[in-house]
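Taking it in order: structure first as structure tokens, then the write-up.
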Amino acid sequence: NGERYPGEHEPIIDLETWNAVQTQLDQNAVVRLRQSNAKVPSLLAGLLFADDGHRLSPSHATKSGRRYRYYVSKKERLERPWRLPALEIEKVVLSGLRSFLNDGPRLFADLCLARFAPEIVETVIKNAADLADRVRDGGSAHQRETFLLIIERVEVSEARVRVILKIPTLSALLQIPRTKKNSHKPGEAPNNTLQLDLDISFKRRGAGTKLVLTNSPAREPEIDISLIAAVAKGHRWFSEIKQRGVQSVSQLSECHGVDRTEIGRLIPLAFLAPDIVEDILNGRQPIDLTVTRLKRMADLPVSWSEQRKLFRFHPQP
């Protein structure tokens, strides 16, 4: 009721330890603002914008003890607010950047390397490939640092992601010699940025607030161990019914100690088209094709072409 009374028990933490912890917390707060010690830093924080110009800011949600990161619209009353899964949009930007750095002919054209001697061009292209490898292997802190160095901003729409690079910083990292001769026309400002347009598509879930990236040319293979395991179980259980004379799903359930409903949901996966299975094994499945989605399906189409259409796999010739 607004009253405070002195405690009668001994302190759980001594005053010296308490003060030391408070000092450490204050220091950590400053460091977190710079994101230098974050285990999973938001790589695009401060760089990601919607195509109408408003910024998308890092956010997160926790479900069953697991933390999910997003980039969300902060402006209220938007007709179609954005809620992008952070890992996916970051992968698209990383893959697009690495693809550009490994594309020698495009580097030659976009960075105007024709003005340099062949040995300089060779060195620049090698440096670009080395930078692509470092971006891939350097960890999230290094990736964040690289993004801040060479990316001006990232603009996202429902048709594409545009990565705008800083040419002066990128040129310095690739060791492109500075020349007195400018590549721009007299009277024009020098072009200090370069645009990478990455074609993508989105699928909306829920009440139009969450966007899920689907197939993209920039997307790298992503092995889904749980999905592969589900397909393998479906094949194994169907094989037992076919070859070992198991009489029913109930008998399989007793043999393996698995709920019969689970077995009934996974056995149809034995009838997936071979090319779909191959894509799943190679991590080329559509990003929204998950074990959960497969389990919730009432009926898996028998026709392989219908399966490809349903799951948006590329049709086979």
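Out of ALA20, ALA29, ALA86, I need the residue that is open to solvent by less than 70 Å² (accessible area, probe 1.4 Å) and at pLDDT 85 or above. Which one?
After applying the criteria, what remains is ALA86.
When the stretch 275-293 is examined, which residues are found to be open to solvent by 30 Å² or more (accessible area, probe 1.4 Å) and in contact with a Phe, Trp or Tyr (Cβ under 8 Å, 6 or more places away or on another chain)?
Of everything in the stretch 275-293, just one residue is open to solvent by 30 Å² or more (accessible area, probe 1.4 Å) and in contact with a Phe, Trp or Tyr (Cβ under 8 Å, 6 or more places away or on another chain), namely ASP279.
List pairs: first residue in the stretch 126-139 and over 22 Å from PHE108 (Cβ atoms), second residue assigned to a helix (DSSP H, G or I) and hydroxyl-bearing (Ser, Thr, Tyr) anywhere in the structure, Cβ distance under 9 angstrom, at least six positions apart or on different chains.
GLY138/THR146
Give me the pairs: first residue in the stretch 80-96 and farther than 12 Å from PHE202 by Cα and hydrophobic (A, V, I, L, M, F, W, C), second residue part of a helix (DSSP H, G or I) and open to solvent by 10 Å² or more (accessible area, probe 1.4 Å), beta-carbon distance under 9 Å, and six or more apart or on different chains, which are they?
If the second residue must be part of a helix (DSSP H, G or I) and open to solvent by 10 Å² or more (accessible area, probe 1.4 Å), the pairs left are LEU94/ARG136; LEU94/GLN143.
Search the stretch 256-275 for residues that are of a type outside the set (A, V, I, L, M, F, W, C) and pair each with any residue that is open to solvent by 50 Å² or more (accessible area, probe 1.4 Å) when their beta-carbon atoms are under 7 Å apart and the residues are at least 6 apart or on different chains.
Note: pairs meeting the criteria are ARG265/LYS295; ASP275/GLN316.
Scanning the stretch 140-154 for residues that are open to solvent by 10 Å² or more (accessible area, probe 1.4 Å) and in contact (Cβ under 8 Å) with a residue 40 or more places away in the chain, which turns out farthest from GLY96 (Cα to Cα)?
Only one residue fits best here, namely ALA141.
Do any strands (runs of 3 or more DSSP E) entirely within the stretch 188-251 hold 3 or more residues that are surrounded by 11 or more Cβ atoms within 10 Å (Cβ to Cβ) and at pLDDT below 75, and if so, which?
202-205, 210-213
Filter the stretch 159-187 down to residues that are open to solvent by less than 70 Å² (accessible area, probe 1.4 Å) and farther than 18 Å from PHE100 by Cα and give me whichever is modelled with the lowest pLDDT.
The residue in question is HIS184.
The values are calculated or read from the model by the stated rules, or taken from the named source; none is laboratory data. Quick caveat, the model's predicted, so the values are computed rather than measured. FYI the Cβ positions are ideal-geometry reconstructions off the backbone, even for glycines, and counts take in every protein chain you see. Just so you know, the surface numbers come from the protein's heavy atoms only, side chains and all, with ligands and any DNA or RNA stripped out. Shrake-Rupley method; radii C 1.70, N 1.55, O 1.52, S 1.80 Å.
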